[in-house]
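Here's the structure, in structure tokens; my notes come after.
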4 protein chains.
Amino acid sequence: MIKVAIVGGTGYTGVELLRLLVPHPEVELTAITSRALAGKPVAELFPSLRGHCNLAFCEPDTEQLAGCDLVFFATPHGVAQAQVPELMRRGVRVIDLSADFRLQDIAAWERWYGQSHTAPELAAQAVYGLPEVNRDQIAGAQLIACPGCYPTAIQLGWIPLLEAGAVEAGQLIASAASGASGAGRQGKTELLLAENSDNFRAYAAAGHRHLPEIEQGLRRVQAEGSTPASVTFVPHLLPMIRGIHATLYARLQSDLELQALQELFERRYADEPFVDVMPPGSHPQTRSVRGSNMCRIALARPDNRDTVVVMSVIDNLAKGASAQAIQNMNIMFGLNEKLGLESPALLP
Amino acid sequence: MIKVAIVGGTGYTGVELLRLLVPHPEVELTAITSRALAGKPVAELFPSLRGHCNLAFCEPDTEQLAGCDLVFFATPHGVAQAQVPELMRRGVRVIDLSADFRLQDIAAWERWYGQSHTAPELAAQAVYGLPEVNRDQIAGAQLIACPGCYPTAIQLGWIPLLEAGAVEAGQLIASAASGASGAGRQGKTELLLAENSDNFRAYAAAGHRHLPEIEQGLRRVQAEGSTPASVTFVPHLLPMIRGIHATLYARLQSDLELQALQELFERRYADEPFVDVMPPGSHPQTRSVRGSNMCRIALARPDNRDTVVVMSVIDNLAKGASAQAIQNMNIMFGLNEKLGLESPALLP
Amino acid sequence: MIKVAIVGGTGYTGVELLRLLVPHPEVELTAITSRALAGKPVAELFPSLRGHCNLAFCEPDTEQLAGCDLVFFATPHGVAQAQVPELMRRGVRVIDLSADFRLQDIAAWERWYGQSHTAPELAAQAVYGLPEVNRDQIAGAQLIACPGCYPTAIQLGWIPLLEAGAVEAGQLIASAASGASGAGRQGKTELLLAENSDNFRAYAAAGHRHLPEIEQGLRRVQAEGSTPASVTFVPHLLPMIRGIHATLYARLQSDLELQALQELFERRYADEPFVDVMPPGSHPQTRSVRGSNMCRIALARPDNRDTVVVMSVIDNLAKGASAQAIQNMNIMFGLNEKLGLESPALLP
Amino acid sequence: MIKVAIVGGTGYTGVELLRLLVPHPEVELTAITSRALAGKPVAELFPSLRGHCNLAFCEPDTEQLAGCDLVFFATPHGVAQAQVPELMRRGVRVIDLSADFRLQDIAAWERWYGQSHTAPELAAQAVYGLPEVNRDQIAGAQLIACPGCYPTAIQLGWIPLLEAGAVEAGQLIASAASGASGAGRQGKTELLLAENSDNFRAYAAAGHRHLPEIEQGLRRVQAEGSTPASVTFVPHLLPMIRGIHATLYARLQSDLELQALQELFERRYADEPFVDVMPPGSHPQTRSVRGSNMCRIALARPDNRDTVVVMSVIDNLAKGASAQAIQNMNIMFGLNEKLGLESPALLP
């Protein structure tokens, strides 16, 4: 059994970790920390866990965390970089679901997140936890930077095309939309049901923090000498709880038939347990991955012109956060990668 | 391994059975029938099952079904009563999720469902699959009539009070509401998103088919000589997918303190794995049972007057249909009653 | 033209007042106050008003307000009772949408609202703004206490029965549900879309502030010597924005046929422009009154037993607040009662 | 008073026409036809119209229609082209909300709509009812082809850029999303609430019927000699009722600052009563136009690169269909263009 703790368990990625870790056969959950709610039973905050989890939130305690095999950080950015170094020194493995260690370019991180980075050496050491790209390094990693939700959906949608150099990398367009759980569990007026139900809008059109992570990830898989991937990324807020849908537009470099593109994707993801390339003509639905770690992808070439459209869906809290974190854990600890992640999506 | 087939797998109870049976460790799924869609891969209709279920829908074939240990009927009423008798003769066990065998009063069945009943002797033989009442008989049953969704939520909410004779049984009020999945997967105008989103309404206020099932169940648990339970039941349609919320009103027979009522419920359900009596002051939320087999119940006594209010929530497709069917299966086959039903609800 | 100001225009009843007052042909809107947002253009907070309203929020200024013919208070409770007395002295007419002047029993008000009442003499003087009961007094009133949303839907649903003494007034049950806009525009976690979409729950089951207002209103219409109306009232939160649905249960005193009850309602509301008694067999939908001042009512007598069910729907922000306030204004100023309120509901 | 009839009043554009025409001060509504529902009161189908509209659906009767000043067609494609010629001969003016007369290229029409066109000469004669482009011709037209919903949002978003030649017209990307009312009022399984709530997906990614209409409209406003506008258009289905959001991506031809682009839009639409260019940094919300004829537009230039993003929102049933039809009517009959369309959007 892997001894596990969660730092910062009061948000949506926290409760999603709990939903998946509680029935995981190889995990022993030992602590869930929250300064604000220390002492409060977890199941009081999240009634879905009544009868499943008897722990109470506790103050973060380095000694206790240091006794774990693995600590998940489900905290706002800035927290992990302060606490992880000590845990690393003491040999604990860490999966960070926040943005703290995702960017190699520390200056870029500091610009987008508006604060100094206090552990840049760990950012350099962290392995980016996208198993479809980094499975081997993940296995041996001590520190995983778990990818963001948009970056997961978007990278998985474009990787085969960029690896193959099939599209003009300098002019990529990512029009993506997320359920409201992606904005977190904080009581902000603009996230009220009465503000967002029966409503749709873009946000952060002038620039979103996930852009540098997306471009960093895409550039890593491009062949040397390629035009570096450059993405116009506009996120939108959906009147629903879970799910990310990315609609990706790219111009084909050469006259690749849709069928050839389809085969490119099918080959690339043939052995991936959590990427599903759907048949031509499909339109992946976010509900088809609700609560599951799956990413479903379909391709189109509208009106047979020179633009290829990739549609990629994930559950922002699952493959976009907590379930992907558990996939990383399974790889790190030599378990079956699918352990605890086998349930089909909740549909309807 | 239990060899299992599903008759009528194209509706929401069908896909919910599949979601839960596919990862069930003791089940081998052998066939899912549908006359209309025979030949079509199940995962084409329900993309959530891609990678989880490779079966195609098939024509119902008595020989094949007769080779199973257990057949689930997830069909409209009228179908099971035609096909079950032959399967019973050949020793197959059956769990019927339709209304065919729920009522002992065949005349009442025929009046409410508007057709003749062709297998009244099986209705007499069927065990009503509410484990909280009939666990022992379920274990030995060959034919289970799986309870309706409203009847499950409502009976579990009132049973402790009626067993104890604590309320005026002749004047019960059940105001209940269901998500739209309860109305099925048929393309009816009145079930469109554009008709029901941001909308709420009662339906069948003059009389709903679940009424006789509710009253039959409640009367069974009353002490002899009691005023037979009589219920005013009004169902409502919620602008959401899953969940039933029953708000139950009853007048107290004597001056029972809320605390005494609370203890009555806690005692009654102390050993029930799927009934959760929440602390006083709680308001159970349908999302706290989304996708799970749990029923959560809370009590109130508004303004300390003589009316007790019971709030009872279930997932209409889970404890209200398919997960309860699997709970029955687990009991029938001597398995751990919770097997395959351990995952917490999907929240948020 | 009536010179009008709104005190407290940043909530949902504020923006709904603006939506309806802006095109009202007899209204000149002069000021909308907000301490917190003074200086901010109203249309910046509510983009729906761009091109319709050029005012900015301003600090409340007694001189300015005193120059108006009419001031609406769309403030939290406690505010109007502090500011209204001075305006009254200066001859301004006031329509208060808050709870400050709704209850005659000041002790009850102080108990339910948890604070002292500073203007009890005005509560005694205020006219309860339910035109279907108090039209004549409204016409001459200087101060209107505009009814709460639940109280409006529930009183209109029961008034004909209680006036006629047709039901057992001591055992009334009101199971009601509201869209999330009823909870206001404050950034509370429990009102997030991610917490409430695809979810349903009761709240305040042990006692809700609208109960004394409901009982006060019902008792006023009962014949002398009747058992005073006593209501068990449980409100619920709907996963949608607008709409209240009240399902009202009462036991018939005598064997009144459904048709006789129907006629009772039709007679009672024959001349009411904003109460629609639907034909027997109807189930009023909240969307059928979305954005309109209409209350729609239908009756049922389930299974022909001795309980009558009244279903009553309103838009909580319209007939339940701002549109009803304008109906009151029209009456107070001798205008056509329907002026500015003629648009049909927004359906779909 | 303009004598008006509606052919095909049972769909969502029909009921939206009724909502807006009923209180219109210059309109006398004389007939609403429906073969299927002839004889049924309109308010029985649409309870929002109870008390507002006493008409019943009637069989289409050429004599009756020929007695009108104006006939709206709110019919599926193929119907208007059969019935309009006779009405035209008899001098009736027609506003067709269907696709029948939108395309000048009849071969393209026949290819996209899969049937022969029976009145191509009328298509040539019809005026495309986008007032922001064709106001003068609309005033004198006998036959208006009312624009589609996506084409309205998309054209209004790009027209200033294409008129100015500011972007690469050959590589336009339109990622757009519509509420479910855009798919009509037919009982199709894929439009059920239980299928679409909490779900998001693209559709018709390989090619949608609105593409040729969009490209035709854009090319008309381009300067001669320009590269003809070529659009990659992917529509998506939103889990909500009303609203279209178009996110438009185009590469700048030259280094135009965002401020210059902003001024371009503000100048272009300065006199347009129903196009609102929002300030830089805005993100238009669909709810800000719910039920109104407004189109709201905002611009962004993500990360200051060479792609300009235009966000354009309308209500698909209002500016995208019925309200725009009434705007056309107002222009045709010399009325104030805003008559009957002054109400602000319904928010929240």
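The residues of region D:64-109 that are among the acidic types (D, E) and either under 17 Å from D:L21 (Cα atoms) or without any contact (Cβ under 8 Å) to a residue 24 or more places away in the chain (or both), listed by number, are D:D69, D:D96. Are any of the residues in region C:231-238 of a type in the set (A, V, I, L, M) and either in a helix (DSSP H, G or I) or over 21 Å from B:P235 (Cα atoms) (or both)? Taking every residue of region C:231-238 in turn, none turns out to be of a type in the set (A, V, I, L, M) and either in a helix (DSSP H, G or I) or over 21 Å from B:P235 (Cα atoms) (or both). Taking the criterion of being surrounded by fewer than 22 Cβ atoms within 10 Å (Cβ to Cβ) and among the basic types (K, R), the residues of region D:22-57 that qualify are D:R35, D:K40. Search region D:240-257 for residues being at pLDDT 95 or above and surrounded by fewer than 23 Cβ atoms within 10 Å (Cβ to Cβ), and hand back the single one that is farthest from the other protein chains (Cβ to nearest Cβ). Residue satisfying both the conditions and the ranking: D:L252. The set of residues in region C:221-239 that are more than 12 Å from every other protein chain (Cβ to nearest Cβ) and surrounded by 21 or more Cβ atoms within 10 Å (Cβ to Cβ) contains only C:A229.
None of C:L261, C:L299, C:L347, C:L248 is without any contact (Cβ under 8 Å) to a residue 60 or more places away in the chain and either in contact with a Ser or Thr (Cβ under 9 Å, 6 or more places away or on another chain) or part of a helix (DSSP H, G or I) (or both) except C:L299. Does A:D276 satisfy being free of Cβ contacts under 8 Å to residues at least 40 places away in the same chain, surrounded by fewer than 23 Cβ atoms within 10 Å (Cβ to Cβ) and within 23 Å of the chain's Cα centre (by Cα)? Spelling it out, A:D276 is indeed free of Cβ contacts under 8 Å to residues at least 40 places away in the same chain, surrounded by fewer than 23 Cβ atoms within 10 Å (Cβ to Cβ) and within 23 Å of the chain's Cα centre (by Cα).
With the requirement that a residue be surrounded by fewer than 23 Cβ atoms within 10 Å (Cβ to Cβ) and not in a helix (DSSP H, G or I), what does region C:184-199 give you?
Passing the criteria: C:G184, C:R185, C:Q186, C:G187, C:K188.
Yes or no, residue by residue, for (1) in contact with a strand residue (DSSP E or B) (Cβ under 9 Å, 6 or more places away or on another chain); (2) over 28 Å from C:I331 (Cα atoms); (3) among the charged types (D, E, K, R):
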{"residue": "C:E121", "(1), (2), (3)": "no, no, yes"}
{"residue": "C:L130", "(1), (2), (3)": "no, no, no"}
{"residue": "C:V133", "(1), (2), (3)": "no, no, no"}
{"residue": "C:P151", "(1), (2), (3)": "no, no, no"}
{"residue": "C:G157", "(1), (2), (3)": "yes, no, no"}
{"residue": "C:L162", "(1), (2), (3)": "yes, no, no"}
{"residue": "C:G170", "(1), (2), (3)": "no, yes, no"}
{"residue": "C:A180", "(1), (2), (3)": "yes, yes, no"}
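Against the criterion of being closer than 19 Å to D:G148 by Cα, of a type in the set (D, E, K, R), within 12 Å of another protein chain (Cβ to nearest Cβ) and crowded, with 18+ Cβ neighbours inside 10 Å, D:R296 qualifies.
Give region B:111-138 a look and list any residue that's closer than 21 Å to B:D276 by Cα and among the hydrophobic types (A, V, I, L, M, F, W, C), or say none. Hits for region B:111-138 are B:L130, B:V133. Anything in region B:299-332 that is within 11 Å of chain C (Cβ to nearest Cβ) and small (G, A, S)? List them, or say none. Scanning region B:299-332 gives B:A300, B:S312. Restricting the first member to region A:170-187 and to residues that are within 8 Å of chain D (Cβ to nearest Cβ) and on the phi < 0 side of the Ramachandran plot, and the second to residues that are aromatic (F, W, Y) and assigned to a strand (DSSP E or B), the beta-carbon pairs closer than 7 Å and six or more apart or on different chains are A:I173/A:Y249; A:I173/D:Y249.
Listed here are the residues, each with its yes/no results for (1) aromatic (F, W, Y); (2) touching a Cys at 6+ places or on another chain (Cβ under 9 Å).
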position: B:A82; (1), (2): no, no
position: B:R93; (1), (2): no, yes
position: B:L122; (1), (2): no, no
position: B:Q137; (1), (2): no, no
position: B:A145; (1), (2): no, no
position: B:Y150; (1), (2): yes, no
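Only one entry in A:P280, A:P284 is in a loop (DSSP other than H, G, I, E, B), touching a strand residue (DSSP E or B) at 6+ places or on another chain (Cβ under 6 Å) and not polar (S, T, N, Q), namely A:P284. For region B:214-234, the candidate set comprises residues that are of a type outside the set (V, I, T) and touching a Leu at 6+ places or on another chain (Cβ under 6 Å); within that set, the residue that is farthest from B:P151 (Cα to Cα) is B:Q222. Being over 30 Å from D:L192 (Cα atoms) and either among the small types (G, A, S) or touching a Ser or Thr at 6+ places or on another chain (Cβ under 6 Å) (or both) holds for only one residue in B:A176, B:A180, B:A108, and it is B:A108.
Could you please let me know if B:P25 is within 14 Å of chain A (Cβ to nearest Cβ) and either in contact (Cβ under 8 Å) with a residue 12 or more places away in the chain or closer than 21 Å to B:I144 by Cα (or both)? Against the criterion (within 14 Å of chain A (Cβ to nearest Cβ) and either in contact (Cβ under 8 Å) with a residue 12 or more places away in the chain or closer than 21 Å to B:I144 by Cα (or both)), B:P25 qualifies. Among the residues of region D:200-220, the one identified as surrounded by fewer than 18 Cβ atoms within 10 Å (Cβ to Cβ), touching a residue at least 12 places away in the same chain (Cβ under 8 Å) and in a helix (DSSP H, G or I) is D:R220. Across region B:188-199, the qualifying residues are those that are free of Cβ contacts under 8 Å to residues at least 12 places away in the same chain and more than 7 Å from chain C (Cβ to nearest Cβ), and the one among them that is nearest to the chain's Cα centre (by Cα) is B:L191. Checking A:Q155 against (1) buried (at least 24 other Cβ atoms within 10 Å of the Cβ); (2) within 24 Å of C:L238 (Cβ to Cβ); (3) away from chain D (no Cβ under 12 Å): exactly one of these is not met. Which one? The one condition A:Q155 does not meet is (2). Residue count for region B:64-100, restricted to those that are surrounded by 23 or more Cβ atoms within 10 Å (Cβ to Cβ), out of contact with any helix residue (DSSP H, G or I) (no Cβ under 7 Å at 6 or more places or on another chain) and part of a loop (DSSP other than H, G, I, E, B): 1.
Against the criterion of being within 21 Å of B:G182 (Cα to Cα) and within 14 Å of chain A (Cβ to nearest Cβ), B:P76 does not qualify. Look at C:E26 and say whether it is closer than 19 Å to C:M1 by Cβ and at pLDDT 95 or above. In short, yes. For beta carbons closer than 7 Å, sequence separation of 6+ or different chains, a first residue in region C:110-138 that is without any contact (Cβ under 8 Å) to a residue 12 or more places away in the chain and a second that is surrounded by fewer than 14 Cβ atoms within 10 Å (Cβ to Cβ), the qualifying pairs are C:E110/C:S116. Per the listing D:T232, D:T247, the residue uniquely within 30 Å of B:N199 (Cα to Cα) and β-branched (V, I, T) is D:T247. The residue list C:A145, C:A139 contains one member that is touching a helix residue (DSSP H, G or I) at 6+ places or on another chain (Cβ under 9 Å), farther than 30 Å from C:F46 by Cα, modelled with pLDDT of 95 or more and not β-branched (V, I, T), which is C:A139. Determine, yes or no, whether A:L335 is over 12 Å from the mean Cα position of the chain (by Cα), part of a loop (DSSP other than H, G, I, E, B), within 12 Å of another protein chain (Cβ to nearest Cβ) and not charged (D, E, K, R). Taking the combined requirement at face value, the residue does not satisfy it.
The values are calculated or read from the model by the stated rules, or taken from the named source; none is laboratory data. Everything quoted here is computed from the prediction, not taken from an experiment. Note: ideal-geometry Cβ built from the backbone for every residue, glycine included; neighbour counts use all protein chains shown.
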